[in-house]
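Here the structure is laid out as structure tokens; the discussion comes afterwards.
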Amino acid sequence: MTRRTNRARAYAPDPEAPGRCCDIPGCLNEGEYRAPKSREALREYFWFCLDHVRAYNAAWDFYKGMSPGQIEAHMRNDTGWQRPTWPLGRLGGGGHEEDFLHDPLDILGAANLGHARPAAAQRAPADLRQPLDALGLRWPVSFDEVRARYKELAKRHHPDANGGDRASEERLKTINLAYAAVRSHFVAEPNMAAG
Ligand SMILES: [Zn+2]
């Protein structure tokens, strides 16, 4: 169903793509398209799959005035990014977006966001890629960082905190499974990310 010949020139895969997954948490497509991290950081790039670079471009105005870290935090916390379409209906709704930018536990710092690393060094062990994506974390990461992230997500998505919301329940299940997978990895290889 892919109509490659109809692709606009602007959407040709970037030859300088670093050969890693799309930067949207949970997306396992290759990140072949670059997009500036913000208006203030036009030379720092996210790498997205085609669907997500389109969605990101469509949301460009929405990100106006946000720092690269804030944009990244928003993407990480917005489950709409799990699907390859930007939830346009919510843009401009205003109000609750600030919630996404709260980072009381310094999750962004703990996850080393914004530190560009060579493609090879970013490759997580195969069994961890999906769980880390589900937790919105990037390799390399320490178990302490994983645990802090897990606690924060578990609290945020707990059904009690969301009026018994069904989607929160599902999300919490995913988070629990992902955490269990990462934990068993670290228990099996405790020195993996020690240095
Ligand atoms: Zn993607």
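The values are calculated or read from the model by the stated rules, or taken from the named source; none is laboratory data. Remember, predicted model here, so these are calculated numbers, not experimental data. Here Cβ is always computed from backbone atoms with ideal geometry, including for glycine, and neighbour counts include all displayed protein chains. Each accessible area value is taken on the protein alone, full model and side chains, heavy atoms only, with ligands, DNA and RNA left out. Shrake-Rupley method; radii C 1.70, N 1.55, O 1.52, S 1.80 Å.
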key: Residue in the stretch 20-32 that is nearest to Pro131 (Cα to Cα), counting only those that are more than 9 Å from the ligand (Cβ to nearest atom) and open to solvent by less than 40 Å² (accessible area, probe 1.4 Å)   = Pro25
key: Residue selected from the stretch 49-61 under the condition within 17 Å of Arg76 (Cβ to Cβ) and out of contact with any strand residue (DSSP E or B) (no Cβ under 7 Å at 6 or more places or on another chain), by the criterion farthest from the ligand (Cβ to nearest atom)   = Ala59
message = Any residue at all in the stretch 110-118 that's open to solvent by 50 Å² or more (accessible area, probe 1.4 Å), over 18 Å from Arg20 (Cβ atoms) and at pLDDT below 80?
response = no
message = Among the residues that make up the stretch 67-74, is at least one of them open to solvent by 70 Å² or more (accessible area, probe 1.4 Å), assigned to a loop (DSSP other than H, G, I, E, B) and modelled with pLDDT of 85 or more?
response = no
request  = Within the stretch 34-48, track down each residue that is open to solvent by less than 10 Å² (accessible area, probe 1.4 Å) and within 16 Å of the ligand (Cβ to nearest atom).
outcome  = Ala35, Phe46, Phe48
